[in-house]
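Novice: There's a structure below that I have some questions on.
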Amino acid sequence: MSGSSPILELLGQREIVVACGPGGVGKTTTAAAAAAQAALRLGGRVLVLTVDPARRLADALGIKEIGNEVTEVPAEAFVTADGAPVGRLFAAMLDTKKSWDDLIERHTPDPATAARIMANPLYQNITGRFIQSHDYIAMERLYELHSTGEWDLIVVDTPPTRNALDFLDAPSRMADFFSSRLLRWLIAPARSGLFAVASKPFTQVADRILGTEFLGDITEFFVSLQSMYGGFVERANAVARLMADERTTFLVVSSSETVPLREAEFFVSQLVDRNLSVGAVVLNKVLPDSLADPGGLAAARGLGERAGEIAGEVAQVIGVDEEALVRVLGTIAESYGDFAVTARREAGARSRFEAGGAPLVSVPRLDEDIHDMAGLLALGNLLIAEP
Amino acid sequence: MSAPPLVDRRLIFVTGKGGVGKTTVAAGLAQMLADEGRRVLACEVDAKGDLAAAFEVPAPGFTPERIGDNLSLMAMDTEASLREYLKLNLKIPIVGRIGPLAKAFDFVATAAPGVKEILTVGKLCFEAREKNYDSIVVDASATGHIIGQLAAPQAINDLVRVGLIRSQTDWMLDILSDPVQTGLAIVTTPEEMPVAETIELAGKVAAETTVELAAVVVNRVLPERFGPRDEEVFSSLETPAGRTALAAALGEDVTALLDATRLATSLRRSRAAHLETLRASLDTSMPIILLPELFARTDGVRATRQIAEHLEGELR
C-alpha cells in the first residue's frame with residue numbers, strides 16, 4: 001500500500017482522529033475500521049474509543065463487551081491474507097457515570113467533598129440521564145486517555161449530538177459556567193451565610209420556580225463543585241487546546257443522501273470556522289458508478305422493451321424457462337432503473353459537496369452488514385483504497 | 001385496555017436513529033392527518049430545518065406558522081419556551097428585569113439538568129392540553145436523546161418536591177402517561193444497526209418512561225423482486241455463458257445491469273432477515289407499519305406526499 005491514501009496518511013501522522021458527522025452513516029464502524037487498519041499496517045498501539053451510547057462497537061470488533069476499561073482486541077482476530085498486524089488494537093467505551101465519578105475524585109480536595117458531591121441527587125441526575133454531561137465527559141475522557149501517553153493513535157467516534165458540534169463546545173461551556181456571575185450569585189448566600197443584595201431577586205424568582213428544597217440541592221451541589229473550580233476550568237481549556245492541536249484531526253463521515261450530506265457540509269464549515277483540522281470527508285454506502293452511467297440506462301431500456309425477443313434467443317442457450325426469463329429480464333430493467341435514479345442523484349450531491357479543501361473519500365455500499373472483524377477489515381481496505 | 005391507534009392520539013412523538021427517515025415519516029404522517037381534515041401541528045425538536053425542507057417551506061420559528069389548510073409548523077426553541085412559560089406562569093415582567101435572558105437561561109439549563117428537556121416536552125404537552133390542534137406530530141430527538149426528553153418530567157418530579165415546577169410536571173405526566181392522548185413511534189430501516197437500536201429503545205421506553213410505544217415504522221422496505229424460481233433463472237444469467245448470451249442478444253454490455261440486480265436482491269434478502277428479527281423481538285401486538293424504499297430524485301414535498309399516501313394505505 002503506497003502512502004497516497006488520504007486516510008492512511010492521517011492515521012500515520014496524527015495522534016487523535018475524531019470521527020464526527022450525522023447519525024446513521026456508519027461513524028462508529030468507520031472509526032473502528034480505520035483504527036484496525038492503523039494497527040494492521042502502521043503499527044504502534046492504537047485505541048478506538050467509542051462514545052456512542054448505543055453499544056455497537058463491541059459487535060463489530062467481536063468483543064463481548066467493551067467497558068470503560070481499555071480491552072485489547074486479540075491479534076489473531078485480525079490476521080489477514082496480508083499477514084499478522086504489526087501493531088496492537090485496543091478498544092474502550094465511554095461510561096458516562098464512571099467517568100464523572102473518576103473526574104470528581106481526581107479534582108476534589110478530599111474524599112469527604114467527593115462523597116458529598118456524589119450523594120447529591122442533582123449529581124446523580126446529571127451523570128445518569130442528561131445529555132450535555134455526555135458531551136463534556138467524552139472530550140474529558142479522550143483528553144485523559146491521550147495524556148497517559150500510552151497510545152500512538154486514538155480514533156474516537158462522537159456522540160450523535162443534537163447540534164452539530166455540541167461535544168466540541170462542551171468544555172468551554174463548562175468553563176464559562178464555572179466562571180459565570182450567576183453561579184457566584186447563587187452560591188454567595190451559602191458561602192457567606194447572608195443573602196448578598198445582588199442575588200436576592202434572582203433567588204426569589206428561582207425559589208418560586210424551583211422550590212426551596214431543590215434550590216438547596218442546587219446550591220449545595222455547586223458549592224461542593226466550587227472546590228473543583230480551578231482544576232475544572234484548567235482542564236476544560238486543556239481539552240479545547242488538544243482539539244485545536246495539530247496532532248488532532250477530524251474525519252467527517254456521511255452518506256451520499258441529501259439530508260446527511262447537508263449536515264456534513266455544515267460540520268465541515270463549523271470545523272473550518274473554528275480553525276480545526278478537517279482531515280478528510282468519508283462518504284459511506286456509495287452506489288457503484290456503473291449505475292449512474294447513461295449507457296447502462298439505455299441498455300436497461302432496451303432490455304425492458306425487447307424482453308420477449310431477447311428471452312427467446314437466450315432461454316434455450318442457458319436452458320431456462322422462457323416465460324420466467326421474460327419476467328426476470330423485466331425485473332432487471334426495473335431494478336436497474338430504480339437504483340440508477342438514486343445513484344445519479346447521489347453522484348450529483350457528491351459533486352456539489354463543499355469539503356473545504358479536504359479530500360473526499362468514497363466507500364462503496366457493501367452488500368452485507370458488518371458484524372465481524374473480517375467485515376471491518378474489508379471496509380477498512382475500501383477506506384484506504386487509493387482514489 | 002384498548003388504546004387508540006397511534007394516528008388517533010393527540011400527541012405523537014416520532015423518533016428513530018439518524019438517517020432512517022424519521023423526519024420524512026413525521027412529515028408524511030402530519031400530511032396524511034391534515035389531508036383527513038384534522039388540524040395538525042408539526043413540530044421539529046432539533047431545529048435543523050429538515051422538517052421544513054420536507055414541506056419545502058422556510059424554516060419556521062417557535063410560533064406556529066400555517067403552511068397548509070390544516071397544517072401548521074413550528075420549531076422548538078427552549079429559550080422561547082421558557083419565555084412563554086414565565087410569561088404565563090409568573091405574571092411578572094421578569095423578561096425585562098433578569099438581564100440578558102439568554103445568559104440566565106444557559107445558566108439555569110446547565111445548573112438544573114433536565115430543564116431544556118422539560119421545556120421541550122412541556123411546550124408540547126401544553127399544546128396538547130390547550131387542544132388548539134387535533135394532532136401534534138413531533139419530529140422528536142433521535143434515539144440517543146429521546147429517553148432523556150420523555151423521562152424529564154418524571155426525573156424532575158423525583159428531584160423537586162414542591163414549587164411551581166412540581167405542579168407543572170404533574171399535569172405533563174398525566175398527558176404523557178395517557179395512551180389515549182400520547183404515543184411514540186420509532187422509525188427504523190430493515191438494517192442491522194437500526195433494528196438493534198430499535199429493539200433496545202423499545203425496552204428503554206417501557207422501563208424508563210411513562211410514554212407508550214404505539215407503533216414501529218419500518219422505512220425503506222425493498223420490493224420483492226424474484227420468487228425462488230426466478231432467482232434460479234437470474235443465477236443462470238449471471239454465469240459466464242448467460243452473460244455472453246444476454247450481451248449478444250441485447251447488443252450491449254450487461255455487467256452493470258446484472259450487478260445492480262445482484263445488489264438489489266442481496267439488499268432485499270438481508271433486509272428481510274432484519275425485519276424478521278425485529279418482528280420476533282417486539283410484542284406481537286405491536287403494530288409494525290411498512291413503508292417502501294422510494295427511488296426518488298429528490299426529497300421534499302413529492303416524497304412527503306408519497307409517504308403520506310403509503311401511510312394512509314397502511315393505516316386506514
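The values are calculated or read from the model by the stated rules, or taken from the named source; none is laboratory data. Remember, it's a predicted structure, so these values are computed and weren't measured experimentally. Cβ: placed from backbone, ideal geometry, glycine included. Neighbour counts: every protein chain shown.
Novice: Within the stretch A:151-174, take every residue that is within 14 Å of chain B (Cβ to nearest Cβ) and surrounded by fewer than 22 Cβ atoms within 10 Å (Cβ to Cβ) and give me the one that is modelled with the highest pLDDT.
Specialist: Step by step, filter the stretch A:151-174, then rank; the result is A:ASP169.
Novice: B:ALA54 fails exactly one of the following numbered conditions: (1) within 13 Å of chain A (Cβ to nearest Cβ); (2) over 29 Å from A:ASN284 (Cα atoms). What is the number of that condition?
Specialist: (2)
Novice: Cβ-Cβ distance below 6 Å, separation of 6 or more or different chains: which pairs start in the stretch B:199-214 with a residue that is more than 13 Å from B:LEU282 (Cβ to Cβ) and end on one that is in a loop (DSSP other than H, G, I, E, B) and at pLDDT 95 or above?
Specialist: Within 6 Å, the pairs are B:GLU212/B:PRO179.
Novice: Looking at B:THR239, B:THR244, B:THR265, B:THR255, can you tell me which residue is more than 24 Å from A:GLU368 (Cα to Cα), at the interface with another protein chain (Cβ under 9 Å from one of its Cβ atoms), β-branched (Val, Ile, Thr) and over 22 Å from the mean Cα position of the chain (by Cα)?
Specialist: Of B:THR239, B:THR244, B:THR265, B:THR255, the one residue that is more than 24 Å from A:GLU368 (Cα to Cα), at the interface with another protein chain (Cβ under 9 Å from one of its Cβ atoms), β-branched (Val, Ile, Thr) and over 22 Å from the mean Cα position of the chain (by Cα) is B:THR244.
Novice: Moving to a separate point now. In the stretch A:8-19, how many residues are out of contact with any strand residue (DSSP E or B) (no Cβ under 6 Å at 6 or more places or on another chain) and crowded, with 24+ Cβ neighbours inside 10 Å?
Specialist: 1
Novice: Would you mind finding the one in A:THR148, A:THR96, A:THR71, A:THR113 that is at pLDDT below 85 and β-branched (Val, Ile, Thr)?
Specialist: Residue meeting the stated conditions: A:THR96.
Novice: Filter the stretch A:360-376 down to the residues that are assigned to a helix (DSSP H, G or I) and loosely packed, with under 14 Cβ neighbours inside 10 Å and list them by number.
Specialist: A:ALA374
Novice: In the stretch B:4-52, which residues are basic (Lys, Arg) and assigned to a loop (DSSP other than H, G, I, E, B)?
Specialist: Of all residues in the stretch B:4-52, those basic (Lys, Arg) come to B:9-10, B:17, B:22, B:38-39, B:48.
Residues satisfying the conditions are B:ARG9, B:ARG10, B:LYS17, B:ARG38, B:ARG39, B:LYS48.
Novice: OK, next. In the stretch A:312-356, which residues are polar (S, T, N, Q) and crowded, with 16+ Cβ neighbours inside 10 Å?
Specialist: A:THR331, A:SER335, A:THR342
Novice: Which members of the stretch B:53-66 meet the condition of being touching a residue at least 24 places away in the same chain (Cβ under 8 Å) and either of a type outside the set (D, E, K, R) or not in a loop (DSSP other than H, G, I, E, B) (or both)?
Specialist: B:ALA53, B:ALA54, B:PHE55, listed by residue number.
Novice: Test of understanding: among A:VAL326, A:VAL341, A:VAL363, which residue is facing another protein chain (nearest Cβ under 8 Å) and within 22 Å of B:LEU258 (Cα to Cα)?
Specialist: Details: A:VAL326 fails: facing another protein chain (nearest Cβ under 8 Å); A:VAL363 fails: facing another protein chain (nearest Cβ under 8 Å).
Checking each option against the conditions leaves just A:VAL341.
Novice: Against the conditions (1) on the phi > 0 side of the Ramachandran plot; (2) of a type outside the set (Lys, Arg); (3) touching a strand residue (DSSP E or B) at 6+ places or on another chain (Cβ under 6 Å), where does B:GLY251 fall short? Just the number, please.
Specialist: Result: B:GLY251 fails condition (3) only.
Novice: Follow-up question, since we're still on this one. Can you tell me which condition A:ALA292 does not meet? The list is (1) out of contact with any Lys or Arg (no Cβ under 7 Å at 6 or more places or on another chain); (2) farther than 20 Å from A:ILE384 by Cα, and all the others hold.
Specialist: All conditions are met except number (1).
Novice: Restricting to the stretch A:281-296, give me the number of residues that are crowded, with 22+ Cβ neighbours inside 10 Å and either among the aliphatic types (A, V, I, L, M) or more than 27 Å from the chain's Cα centre (by Cα) (or both).
Specialist: Of the residues in the stretch A:281-296, 5 are crowded, with 22+ Cβ neighbours inside 10 Å and either among the aliphatic types (A, V, I, L, M) or more than 27 Å from the chain's Cα centre (by Cα) (or both).
Novice: Inspect the stretch B:162-172 for any residue being more than 10 Å from every other protein chain (Cβ to nearest Cβ), surrounded by fewer than 18 Cβ atoms within 10 Å (Cβ to Cβ) and in contact (Cβ under 8 Å) with a residue 24 or more places away in the chain and give the result as yes or no.
Specialist: The answer is yes; a qualifying residue exists.
Novice: Considering the stretch B:112-148 alone, what residues qualify as being in a helix (DSSP H, G or I) and within 14 Å of the chain's Cα centre (by Cα)?
Specialist: Within the stretch B:112-148, B:THR143, B:GLY144, B:HIS145, B:ILE146, B:ILE147 meet the criteria.
Novice: Looking at A:GLY319, is it more than 27 Å from A:ALA355 (Cα to Cα) and either at pLDDT below 90 or more than 8 Å from chain B (Cβ to nearest Cβ) (or both)?
Specialist: In short, no.
Novice: Taking the condition within 30 Å of A:GLY24 (Cβ to Cβ), among the small types (Gly, Ala, Ser) and either part of a helix (DSSP H, G or I) or at pLDDT 75 or above (or both), does A:ALA138 pass?
Specialist: Spelling it out, A:ALA138 is indeed within 30 Å of A:GLY24 (Cβ to Cβ), among the small types (Gly, Ala, Ser) and either part of a helix (DSSP H, G or I) or at pLDDT 75 or above (or both).
Novice: Out of all the residues in the stretch B:297-316, which are in contact with a Ser or Thr (Cβ under 8 Å, 6 or more places away or on another chain) and not in a helix (DSSP H, G or I)?
Specialist: Pass one, the stretch B:297-316, residues in contact with a Ser or Thr (Cβ under 8 Å, 6 or more places away or on another chain): B:298-299, B:303-304, B:307.
Within the stretch B:297-316, B:THR298, B:ASP299 meet the criteria.
Novice: How many residues does the stretch B:1-60 contain that are aromatic (Phe, Trp, Tyr) and crowded, with 24+ Cβ neighbours inside 10 Å?
Specialist: Here the count works out to 1.
Novice: Run B:PRO287 past the list (1) touching a residue at least 40 places away in the same chain (Cβ under 8 Å); (2) facing another protein chain (nearest Cβ under 8 Å) and report the number of the one that doesn't hold.
Specialist: So the condition that B:PRO287 fails would be (2).
Novice: If B:ILE136 meets every condition in (1) within 14 Å of chain A (Cβ to nearest Cβ); (2) modelled with pLDDT of 95 or more apart from one, which number is that one?
Specialist: If we test B:ILE136 against (1) within 14 Å of chain A (Cβ to nearest Cβ); (2) modelled with pLDDT of 95 or more, just (1) comes out false.
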